[in-house]
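What follows is a set of notes on a single structure, which appears directly below.
The values are calculated or read from the model by the stated rules, or taken from the named source; none is laboratory data. Just so it is clear, the model here is predicted, and its values are computed rather than measured. For neighbour counting, all protein chains shown are included, and Cβ atoms are generated from backbone atoms with ideal geometry for every residue, glycine included.
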Amino acid sequence: MDENPAEDEDSPTMTAEIHGVLRLHPWIGRVSADYDLDEDLFSLAVKRAATYGWSSALLGVGQELSGQRWGHADAGGDWSQDGRVRQLAWLTVYPTVGLRAQHLPVRPMTQVLTDALHRMGVLHFTGLRVQAPVRLAPDASFDLRADADWFSLASPDAKANVTVAISTGSNVTETLVRDLVAQRGHGLLHIEQTHRHSPDSGGVAPSASPLGLDDVPRAPDMVFTVSAPEWTPDAAAWIAEVVVDSLRAAGVRAPTGITVHQDGGDEAA
């Protein structure tokens, strides 16, 4: 077996990225000095994942966490305080292979990243990008039905149009994927418009994450606008999970890039 799991076919990488604007708490530097802390996105993500029991950085005896969803690879983020949309947080992992009925960890990874950002400042969320090894995805259709019930409880005033861009590098047709996304959205995701090219993507910034990118085509194969029940990191991650399961059902096996974003988003705008 190849000693580098990033290059092992049985240990592919997966990346989640949070995009938006982060305004650091004005007191974060003071309390960091008071408690002799030097936290960055990686350290916060590792600690938060351990809190939920999703992953651990423990080495040596006992390092095999029961039910571990992933092994950490790398993480980072751009916290520039200029009011512009940045790739605020990214986390690249080795998703655990063979956990019974466990989804690819789109929503757990998103939760860890948003927790870390909320701890450091005020987050204005504009986009989520996921690079997912779709061939590892199990059938999640039953759980997605329950998710629809959850998002049905959103305020009627919270509805938002979001852009979904998908890069599969496969021959799957856009019509099939759109139909599957609508079906798995159980009446909550309405395809409003399709695009030949990605519209203004000011909601996402260029990627800086060094792992897991080379396997995913850069240009989207399909782009469409979706009417969603709300615009939150959790809702964006749910939409990404719906897309992953739709692609699985359509027979896609290739690593896939999925971007869910709102256009624009700079606070300076």
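Below are the figures for this structure:
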{"quantity": "Counted residues, the stretch 227-255 - those being surrounded by 22 or more Cβ atoms within 10 Å (Cβ to Cβ) and at pLDDT below 95", "calculated": "1"}
{"quantity": "Test for LEU91: is it surrounded by 11 or more Cβ atoms within 10 Å (Cβ to Cβ), among the hydrophobic types (A, V, I, L, M, F, W, C) and part of a loop (DSSP other than H, G, I, E, B)", "calculated": "no"}
{"quantity": "Selection count, the stretch 184-215, where residues are modelled with pLDDT of 80 or more, surrounded by 16 or more Cβ atoms within 10 Å (Cβ to Cβ) and not hydrophobic (A, V, I, L, M, F, W, C)", "calculated": "4"}
{"quantity": "Cross-chain or 6+ apart pairs with Cβ under 9 Å, the stretch 26-41 first and at pLDDT 90 or above, then hydroxyl-bearing (Ser, Thr, Tyr) and outside any helix (DSSP H, G or I)", "calculated": "none"}
